[in-house]
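Novice: Shown below is the structure under consideration.
Read-outs throughout are calculated quantities, based only on the coordinates presented, and are distinct from any laboratory measurement. Note that the coordinates shown come from a computational prediction; the quantities given were computed from them, not determined experimentally. Cβ atoms come from the backbone with ideal geometry, glycine included; neighbour counts cover every protein chain shown.
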Amino acid sequence: MKTIKWPLIFIGPCFLGLVIFTYIPVLMSFGLSFSYWNLLGAPKWVGLENYFSVLTDPLFWKTLQNTCIFAGASVTLQVIASLGVALLLSKVFRGVGIFRTLFFLPVITPMVSIALVWGWLYDPQYGGLNALLKVFGVSPIAWLYDPHWAMPAIILLRVWKEMGYTMIILLAGLQGIPEHLDESAALDGANSWQRFWWVTLPMLSPTLFFVITVSLMNALQAFDAVYLLTEGGPQHSTQVLVYWLFQNAFQFYKVGPASAIAYILFLLILSVTMIQWWFRKRWVLHES
Amino acid sequence: MSRKLILLIGALFMAFPFWVMIATSLMSHKQIFQIPPAFYPHPLTWQNYLNVFQNVPMIRYGFNSFFVAALTTAGQLMFCAMAAYGFSRFQFPYKNQWFLVFLVTMMIPPQVNIVPLFFEMKTLHWVDSYAGLIVPGLFGAYGVFLLRQWFNGLPLELEEAARIDGCSHWQIFWHIAIPLARPALVALGIFAFIGSWNSFMWPLIITQSDTLRTFPVGIAALKSSYRDITDWGALMAASTVSIIPIVLLFLAGQKQFIQGILQGGVKE
């Protein structure tokens with residue numbers, strides 16, 4: 001008893017909080033995904049019916065597809081762009097700090113405020129983006145009102161907002177690569193592209209693996225910009241899983257299907273992460 | 001030279017939305033809705049700020065955002081530091097397994113438990129209250145993970161000396177370990193504050209009355225209150241007001257914040 005007195009005092013409060021606000025709701029959510037509940041009385045067990053109704057809804061497959069396209073495209077662009085910026089900012093020069101801060105700044109700002117700014121930029125008639133594109137001879141685009149352009153618009157906004165996070169971690173990864181590797185490759189006559197491909201990229205692969213995994217997990221949970229700017233439209237072109245979950249739970253009051261969607265999302269994130277973990281051996285350099 | 005040019009174009013791309021936000025917030029209604037669009041305010045007017053502060057309880061939103069973020073930060077630091085110290089300094093049965101039980105929560109997306117959490121709040125009568133906004137956010141495994149790493153790295157000699165002098169575990173924690181963990185606590189504190197300040201989905205679900213709304217929820221409500229013509233001037237003014245405090249906080253603690261990201265991320 002004496003041995004667990006102090007651990008209990010220190011760890012107990014936090015553990016109790018997690019039990020009440022995480023473990024119990026997670027288990028309840030699992031139970032509710034197999035139940036019918038109209039928010040009154042006791043939930044009724046319905047077996048797999050919620051999962052069945054979600055999986056047979058054509059909107060689910062559209063939503064799943066959108067979620068994967070959104071996460072895949074935004075993370076790909078984000079990683080490529082931030083890798084480029086990180087490479088350019090990894091060498092110290094005058095004013096490098098200002099650049100780093102500027103690229104990182106969107107990460108800490110509220111998504112709601114940023115989404116509104118982009119909503120204004122995307123305004124087909126008065127917005128800044130079409131005006132800017134007009135200079136290059138591009139005819140006006142309806143952006144958030146066009147089913148073909150709404151998703152790319154949401155992706156671009158996401159990349160702009162999240163790029164700095166990936167950049168800062170890649171920068172640290174780049175600075176961790178010993179300089180003598182690059183120098184000896186240069187002495188052997190490798191040009192800068194070869195040095196990037198055969199030295200920098202393999203050395204950076206553990207960091208890349210980390211940022212891709214974390215960014216994908218986060219992108220699969222995107223909600224704010226969709227809620228604020230498109231409400232899933234037009235024609236469900238920006239309907240993503242978490243927004244659909246929100247609608248089911250808090251607008252349609254379909255608690256059972258909402259819980260089923262929550263667990264499908266959980267499963268999706270888990271399997272994406274595990275697939276990456278398996279494929280890690282193929283391209284991530286092992287630390288020796 | 002080309003490196004600087006690419007960076008400059010990138011920087012312009014990053015700065016452009018911020019510029020448009022601030023410029024639009026200082027434009028007259030007439031200038032905002034002119035074709036072709038203007039990119040700098042002329043004449044400069046504060047009218048959008050006056051409008052937004054008159055029509056919407058912006059000061060109240062700001063207070064709520066600040067109050068919720070401050071209490072969430074303080075509570076999270078306290079609970080996480082205690083748990084982290086517990087895992088770092090004491091031996092007890094199945095310690096590693098218990099720590100794993102903590103870590104597992106980091107894998108669960110918060111949307112999974114949001115529905116039952118709302119009904120828990122309903123049972124507690126915490127819907128539409130500060131308690132509902134704050135308390136569920138006080139406990140996080142991430143903070144425990146981050147701080148445990150830090151405590152593990154601290155030398156034990158000081159604490160052992162204090163122990164011989166007759167200090168209790170609690171005194172050692174409070175007077176020795178906590179001051180030494182300051183850099184990690186500052187990083188976690190800035191994380192928690194920014195996270196709370198920016199959070200949207202949970203405050204949107206748990207608040208109903210206007211007096212409890214935080215900046216993001218209040219601004220979203222302002223946006224949806226427009227029917228035919230969106231008053232972008234007012235929205236850009238509100239966005240600017242909501243962004244300035246968090247940018248200032250970040251600039252003040254930039255170094256610790258970035259170090260915190262890197263500790264939680266790259267190094268194992």
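Novice: Averaged over A:122-128, how many beta carbons belonging to a partner chain fall within 10 Å of each residue's beta carbon?
Specialist: Working: counts 0, 5, 0, 3, 10, 3, 9.
Counting other chains' Cβ atoms within 10 Å and averaging over A:122-128 gives 4.
Novice: Using a Gaussian network model of chain B with C-alpha springs under 10 Å, which one of B:A162, B:A70, B:A131 is most mobile by mean-square fluctuation?
Specialist: B:A162
Novice: Tell me which lysines have Cα within less than 25 Å of B:K223's Cα, excluding those fewer than 8 residues away on the same chain?
Specialist: A:K161, B:K30
Novice: By average Cβ neighbour count within 10 Å, what is the ranking of B:220-230, A:211-221, B:241-251 from highest down?
Specialist: Numbers: B:220-230: 13.5, A:211-221: 19.6, B:241-251: 17.6.
Answer by packing, highest mean first, reads A:211-221, B:241-251, B:220-230.
Novice: Label A:L55 and A:F196 with points 7 Å out from Cα along Cα→Cβ: what is the distance between them in nm?
Specialist: In this crude spin-label approximation the distance works out to 4.5 nm.
Novice: Suppose each label sits 7 Å from its Cα in the direction of the beta carbon; what would the A:F93-B:V101 distance come out to in nanometres?
Specialist: Between A:F93 and B:V101, the label points sit 5.5 nm apart.
Novice: Sticking with this one: Inside 10 Å of the C-beta atoms of B:238-245, what's the mean count of C-beta atoms belonging to other chains?
Specialist: Details: counts 3, 9, 2, 1, 6, 8, 1, 0.
That average works out to 4.
Novice: Got a sec to turn the phi values of segment A:181-197 into Karplus ³J(HN,Hα) couplings, 6.51 cos²θ - 1.76 cosθ + 1.60 with θ = phi - 60°, whole Hz, x for Gly and Pro?
Specialist: Values per residue, Gly and Pro as x: 4, 5, 5, 5, 5, 5, 5, 6, x, 6, 7, 5, 5, 4, 5, 5, 6 Hz.
Novice: Residue by residue through segment A:204-221, what is 3J(HN,Hα) from phi via Karplus (6.51 cos²θ - 1.76 cosθ + 1.60, θ = phi - 60°)? Round to whole Hz and write x for glycine and proline.
Specialist: Using θ = phi - 60°, the values come out as 8, 4, x, 5, 4, 4, 4, 5, 5, 4, 5, 5, 5, 4, 6, 5, 5, 9 Hz.
Novice: Moving to a separate point now. Compute the distance from the alpha-carbon center of segment B:48-105 to that of segment A:158-223, in whole Å.
Specialist: First find each Cα centre; the distance between them is then 31 Å.
Novice: Using alpha-carbon positions, what is the distance between the centroids of segment A:1-41 and segment B:134-187, in Å?
Specialist: Centre-to-centre distance over Cα atoms comes out at 25 Å.
Novice: Please list, by residue number, everything in segment B:182-213 whose backbone N is under 20 Å from a paramagnetic label point 7 Å out along Cα→Cβ of B:M78.
Specialist: Only B:182-197 fall inside the zone, counting backbone N under 20 Å.
Novice: Can you pull the mean other chain C-beta count within 10 Å for peptide B:99-111?
Specialist: Taking all residues of B:99-111 together, the mean is 5.
Novice: Mind checking which lysines have their C-alpha under 23 Å from A:K5, skipping anything on the same chain fewer than 8 residues away?
Specialist: Output for A:K5: B:K95.
Novice: Additional query: How high is the FRET efficiency from B:N51 to A:D188, r the C-beta distance, R0 60 Å, rounded to 0.05? Can you show the working numbers first?
Specialist: Numbers: r = 66 Å, r/R0 = 1.10.
Taking R0 as 60 Å, the efficiency between B:N51 and A:D188 is 0.35.
Novice: Moving on. Over segment A:182-288, what is the mean sequence separation of C-alpha contacts under 8 Å (at least six apart), divided by residue count, expressed as relative contact order in percent? Each step should come with its number before you reach the end.
Specialist: Values: 63 pairs, mean separation 29.3, N = 107.
This gives 27 percent for segment A:182-288.
Novice: Which of rounded, prolate or oblate describes chain A when judged by the alpha-carbon gyration tensor and an a/c cut-off of 1.5?
Specialist: On the way: a/c = 2.07, a/b = 1.27, b/c = 1.63.
It is oblate, given that a/c is not under 1.5 and a/b is not larger than b/c.
Novice: Also: So, in nm, how far is label B:D128 from label B:Q254 when the simple model puts each one 7 Å beyond its Cα toward the Cβ?
Specialist: 4.4
Novice: Also, I was wondering about something else. Which of B:M106, B:M58 comes first, and how do the rest follow, when ranked by fewest Cβ neighbours within 10 Å? List each step's numbers first, then the result.
Specialist: Numbers: B:M106 12, B:M58 20.
By the 10 Å Cβ count, ascending: B:M106, B:M58.
Novice: OK, next. Mind ranking A:107-119, B:146-158 by how tightly packed they are, going by the mean number of other C-beta atoms within 10 angstrom, highest first? Don't skip to the end; give the middle numbers.
Specialist: Values: A:107-119: 24.4, B:146-158: 15.5.
Going from most to least packed, we get A:107-119, B:146-158.
Novice: Quick query: amide H of A:S35 versus all other amide H atoms, modeled in the peptide plane; which residues come in under 5 Å with a sequence gap of 5 or more or a different chain?
Specialist: Hits under the 5 Å cutoff: A:V46.
Novice: Can you tell me the order of A:197-208, A:90-101 when each peptide is scored by its average per-residue count of other Cβ atoms within 10 angstrom, highest first? Walk me through the numbers before you get to the answer.
Specialist: Working: A:197-208: 17.2, A:90-101: 12.2.
Ranked from most to least packed, the peptides come out as A:197-208, A:90-101.
Novice: Got a sec to turn the phi values of segment B:130-142 into Karplus ³J(HN,Hα) couplings, 6.51 cos²θ - 1.76 cosθ + 1.60 with θ = phi - 60°, whole Hz, x for Gly and Pro?
Specialist: Values, residue by residue: 4, 4, x, 6, 9, 4, x, x, 7, 10, x, 6, 4 Hz.
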